[in-house]
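For reference, the structure is listed below as structure tokens.
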Amino acid sequence: MNDGAFKLRDRLRHERETLVARFNAGGSVDGLIHGLARSVDHLLREVAEASGITRRASLLAVGGYGRGELFPHSDVDVLILLKQAPDEADRGTIERLVGLLWDLGLALGHSVRTIEECREEAARDVTVLTSMLEARLVAGSRRQFEAFSRAVVDVVDREAYFQAKLLEQQQRHVKYNETPYSLEPNVKESPGGLRDLHVVLWIARAAGYGTRWTELARRGLLTAAEASIIRLSERRVKEIRARLHLVSGRREDRLVFDVQNAVAQQAGFEATAAKRASELLMQHYYRAAKVITQMNTAVLLNIEQRLFSGSAEDSVAIDATFVARGELLDIEDEAALERDPNAILRAFLLKAKHIELKGMSPRLMRALWHARVRINGAYRRDPRNRATFLELLQQPKGVLHELRRMNQLSVLGRYLPVFRRIVGQMQHDLFHVYTVDQHILQVLRNLRRFSLAEHAHEYPLCSQLISDFDKPWLLYIAALFHDIAKGRGGDHSVLGARDARRFCREHGLERDDADFVGFLVENHLSMSTVAQKQDLADEKVIHRFAELVRSERRLIALYLLTVADIRGTSPKVWNAWKGKLLEDLFRSTRRLLGGGTVSPSAVLEGRKQEALNILRLYGLSDDARKELWEQLDVVYFLRHSAQDVAWHTRSLFNRVSTEKPVVRARLARIGEGAEVLIYVKDQKDLFARVCGYFDNRNLSILDARIHTTRHGYALDTFLVTDNGRAHHYRELLSQVEHELAEWIGKQHELPVPVKGRMSRQSRHFPVAPGVHLQPDERGSHYLLSVTATDRIGLLYSIARVLARHGLNVHTAKVLTLGERAEDVFLISGAELSDARTQLEIEGDLLEAIAP
């Protein structure tokens, strides 16, 4: 570059730094992005004219740059519009021009076409057409630019363009999981991002309705108030995107965990006692994204009606306020909701009742959006409105869809102020993948699916239970309130139960129903905690849980809510093993509440008999079990199912006193994974050694049952999974049987654990490590609870510490919730009798699990 080029580059850098500094000092985002575009305009014009290219061509800004917007690290998209096909001289000039612009620091995206080529390309590719529709002249001939504009407009088929852009938007929304509430949204491309606004303006421009929100308002496609709120939401998301570019130092439109806090601080958000700065930022973003989603839907519906409407459609009156028109619920005029305020809620009730209607008209959606501000304390206290909301919850169909629509139109949060507080609220517990409001609606969705015949195959027991359940809508109220108090500080279960009881009282529910809902909300975590962290073979565990629920109806409701809740956190959290634990707890407690028994002797005899029946099916005589069963105690039979007992007996037939390790593996009876049986003369550090092997194979242990026979053999079973990496578990089984037997036989020293890499999410929101050690009721064993951020090698690290202190592991329950590990071990050993040694064990464990 020559001196002139260096001066241009320095000028561009200085102008950019000045604009960024002004923005960081509180300037507007529009000032920043329009200023950056103007700065590049001046540079392009100067360089183009100096190169002589403007005598043969024009430079057009296209894409976002064509809109006059440049974010700090956005590409500069330019169309070099030639008057005729280029010759060698033109190619040389263009090549030198593009090279110089790159040298000056522009991230240039360029294309070279004649007007005829533009027309052909635009007719072929709707994306190219869109880019050209936004083109503006930067340097060159005005007359040539006008000829180009006419050629592009001539290509536009308004109806076809609308359909193409709508399909394109639908595909984009699917790519981003069809929700604006992703915990790491793409602020440009996700639903509710800037692209949703671009789509509306592209379609409006192509249809000839205008290029600005004010023009669309003048055309009646939206109101002046709606145009104002769109501009406000657009500015909010633009500001976040600009700060995202500045914090990242590159073009980055994903608001990932890594940068959320930095963007929040730069935007002026400060942490409170209950919320991080990043949570406040994300709630700010979600509210803007919600408005953008609403306006995108409403305006596109209005445009669609204008483009495709034929003669006026007949309307059928539903009541004094509402009509059905064109398969949509509609009103005759937008003032109707002012005359009949109850109609705000009744609109959703009628839509649920009239399943033949496909949706709501744009006019009704707009009226509901504006009428939401009429929902105040007096409105909420009106008995008629309370009855309407309760009736909606009691509908046989449409409840979920209408609650989602109410949330989308900001009516639900207005009617339930406590719900409004959690709209767009993030959850940094590393296993919820939805914001709190979306999680609540997911739980409600799951409960509704239990009652639908077409989904009965998914959870047959849940479907059976809910089909006979009286007043299932009480479950929906519990679902609405179970997490509604998150983010306030304190126990959200207790606070939520208080809110739920108040709601029930205000809506006229009977005292028993209100207590029932309050119980469910307050104890919605209890069943999963007991099932996944306590020993279900211990009759005292079942008795304590039965005393908590007190009735079969409460038990059924809590079971249904628990399954729906776990399923609603994340697709990764639920698995068949957790389902089995919950079902086992449910069935044992139900039997006890129904007058049955969980006494060890009754369960023991029933299980033995069932195991014998299974063995007979395999052609084994009753005597075949004698050698092994004589070495097994009551605890073994209580902790293993009849199928497991039969499998162990078959696997160890004529091998009860073997000198060699026996390892057998089979596909898990429920869900994916493998069950592994290990039988060997008990040896020091066996549990840690087995954990080390599974860690070495990148297999995760979900459950471990450790047992020592009367004659000193370890009979251990492990449930392991490879977290979905392998599709052929059968190949894995033979490898595990051979390798693990060899691994155990060597009895080598335990290797130092390798601390696996933590995920990106857990690096930014780590779980505070915790170790809790307490004696059981008899004092002979201790319960060890460990909480930590999950990673490869975590369980082996824990097992190695236990081995170093000579502690025996009797059971291990390994619970993984997203990135959070919560493991519970039943252990024993001489060192546990000394308080000082206990502290040392806890300290060593904390060091081992530290990230």
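The values are calculated or read from the model by the stated rules, or taken from the named source; none is laboratory data. The model shown is predicted, which means the values in this text are computed figures rather than measured ones. Quick reminder, even Gly has a Cβ in these numbers, built from the backbone with ideal geometry, and neighbours come from all protein chains shown. When the accessible area is computed, the model is the full protein with side chains, heavy atoms only, and any ligands, DNA or RNA have been set aside. Shrake-Rupley method; radii C 1.70, N 1.55, O 1.52, S 1.80 Å.
Can you list which of the GluC sites (Glu not before Pro) found in the stretch 786-851 are DSSP loop residues with at most 10 other C-beta atoms within 10 Å? Working shown, then result.
Numbers: sites: E819, E822, E831, E840, E842, E847; in loops: E819.
Here no GluC sites (Glu not before Pro) fit, given the DSSP loop and packing criteria.
Can you tell me the length gained on complete extension of the stretch R339 to D491, counting 0.36 nm per residue apart and subtracting the Cα distance? Mind dumping the intermediate values first?
Working: separation 152, 0.36 × 152 = 54.72 nm, distance 4.24 nm.
Length difference between fully extended and current span is 50.5 nm.
What residues from the stretch 349-384 fall in the zone where the backbone N is under 16 Å from a label point 7 Å along the Cα-to-C-beta line of L166?
358-363
Indicate the gyration tensor shape class of the stretch 534-675 (rounded, prolate or oblate), computed on the Cα atoms with a ≥ b ≥ c the square roots of the eigenvalues: a/c under 1.5 is rounded; otherwise a/b larger than b/c is prolate and the rest oblate.
On the way: a/c = 2.66, a/b = 1.57, b/c = 1.69.
In terms of gyration-tensor shape, oblate.
So for the stretch 50-140: antiparallel DSSP bridges make up what percent, rounded to the nearest 5? Let's see the in-between values first.
Details: 8 of 15 bridges.
The antiparallel proportion sits near 55 percent.
For K471, K353, give me the order by solvent-accessible area with a 1.4 Å probe, most accessible first, ignoring ligands, DNA and RNA. Walk me through the numbers before you get to the answer.
Numbers: K471 60, K353 100 Å².
Heavy-atom accessible area, descending, gives K353, K471.
For a protection proxy built on the mean count of beta-carbon atoms within 10 angstrom, sort 23-29, 388-394 highest first, please. Provide the component values of the computation, followed by the final result.
Working: 23-29: 13.9, 388-394: 18.3.
The densest-packed peptide leads the list: 388-394, 23-29.
For a quick check of your reading of the filter: which GluC sites (Glu not before Pro) in the stretch 476-546 sit in a DSSP loop and have no more than 12 other Cβ atoms within 10 Å?
On the way: sites: E506, E510, E522, E539; in loops: E510.
The qualifying sites are E510.
Taking a ≥ b ≥ c as the square roots of the eigenvalues of the Cα gyration tensor of the stretch 345-388, is the shape rounded (a/c under 1.5), prolate (a/b larger than b/c) or oblate?
oblate
Report, in degrees rounded to the nearest 10, the 0 to 90 angle that the Cα long axis of helix 686-696 makes with the longest principal axis of the chain.
That helix lies at roughly 20 degrees to the long axis.
For R666, R502, give the ranking by accessible area with the largest first, probe 1.4 Å.
Details: R666 45, R502 90 Å².
Correct descending sequence by accessible area is R502, R666.
Suppose R0 equals 30 Å. What FRET efficiency, 1/(1 + (r/R0)^6) with r the Cβ-Cβ distance, do S51 and R143 give to the nearest 0.05? Please report the intermediate quantities before stating the final value.
Details: r = 21 Å, r/R0 = 0.68.
After rounding to 0.05, the efficiency reads 0.90.
Ignoring ligands and nucleic acids, what accessible area does S451 show with a 1.4 Å probe (Å², nearest 10)?
Surface accessible to solvent at S451 totals approximately 60 Å².
Hey, what angle do you get for helix 794-804 against the long axis of the chain, alpha-carbon based, 0 to 90 degrees rounded to 10?
Approximately 30 degrees, to the nearest ten.
Scan the stretch 769-819 for trypsin sites (Lys or Arg not before Pro) in coil per DSSP, keeping those whose Cβ has at most 14 other Cβ atoms within 10 Å, and list them by number. Don't skip to the end; give the middle numbers.
On the way: sites: R778, R791, R800, R804, K813; in loops: R778, R791.
Within the stretch 769-819, the qualifying trypsin sites (Lys or Arg not before Pro) (loop, at most 14 other Cβ atoms within 10 Å) are R778.
Under the 0.36 nm per residue contour assumption, what length would be gained going from the current alpha-carbon distance of Q735 and E630 to full extension?
Numbers: separation 105, 0.36 × 105 = 37.80 nm, distance 3.12 nm.
Here the segment from Q735 to E630 would lengthen by 34.7 nm.
How many percent of the accessible area of the stretch 1-122 is carbon or sulfur, using a 1.4 Å probe? Working shown, then result.
Values: 2840 of 5830 Å².
Accessible surface attributable to carbon and sulfur in the stretch 1-122 totals 49 percent.
Gap in Å between the Cα centre of the stretch 496-530 and the Cα centre of the stretch 230-248?
For the stretch 230-248 versus the stretch 496-530, the Cα centre distance is 41 Å.
Using only DSSP helix segments of four residues or longer, with each worth -39500 (n - 2.57), what per-residue ellipticity at 222 nm results for the chain after dividing by its residue count and rounding to 500? Walk me through the numbers on the way to the answer.
Numbers: 39 runs with 472 residues, N = 851.
Mean residue ellipticity, 222 nm, calculated: -17500 deg cm²/dmol.
Report the one residue of I230, S526, H748 whose Cα lies farthest in the direction of the positive end of the charge dipole of the chain (charges on C-beta: Lys and Arg +1, Asp and Glu -1; origin at the Cα centre).
I230
Of A704, F687, V299, which is farthest along the charge dipole of the chain in the positive direction, counting Lys and Arg as +1 and Asp and Glu as -1 at C-beta?
V299
For the stretch 231-299, rounded, prolate or oblate, judged on the Cα gyration tensor with a ≥ b ≥ c (square roots of eigenvalues), a/c < 1.5 rounded, else prolate if a/b > b/c? Mind dumping the intermediate values first?
Numbers: a/c = 2.32, a/b = 1.35, b/c = 1.72.
The shape class here is oblate.
Determine the share of the stretch 501-566's accessible area contributed by carbon and sulfur atoms, expressed in whole percent, with a 1.4 angstrom probe.
Whole-percent figure for carbon plus sulfur exposure: 44.
Can you give me the Kirkwood hydrodynamic radius for the stretch 152-311, using every pair of distinct Cα atoms, in Å to one decimal? Mind dumping the intermediate values first?
Details: mean 1/r = 0.0600 Å⁻¹.
After inverting the pairwise mean of 1/r, the radius is 16.7 Å.
What is the extension gain from A25 to T211, computed as 0.36 nm multiplied by their sequence separation minus the C-alpha to C-alpha distance, in nm to one decimal?
Going from the current span to full extension adds 63.9 nm.
Between R544 and A317, what is the FRET efficiency for a Förster distance of 56 Å, r being their Cβ-Cβ separation, to the nearest 0.05? All intermediate terms of the calculation are to be shown ahead of the outcome.
Values: r = 59 Å, r/R0 = 1.05.
Taking R0 as 56 Å, the efficiency between R544 and A317 is 0.45.
Just read off the accessible area of S528 with the full protein assembly in place, 1.4 Å probe, to the nearest 10 Å².
For S528, the solvent-accessible surface is approximately 20 Å².
Counting Lys and Arg as +1 and Asp and Glu as -1, each charge on the Cβ, what is the dipole of the chain about the Cα centre in debye, to the nearest 20?
1460
Working with all protein chains in place, sort F269, F322 by solvent-accessible area computed with a 1.4 Å probe, largest first.
On the way: F269 50, F322 0 Å².
If we order F269, F322 from most to least accessible, we get F269, F322.
If one takes the longest principal axis of the Cα atoms in the chain, at what angle in degrees, from 0 to 90 and to the nearest 10, does the Cα axis of helix 29-51 lie?
Its long axis makes an angle of about 50 degrees.
Heads up, I need the accessible area for Y65: 1.4 angstrom probe, whole protein in place, Å², nearest 10.
0
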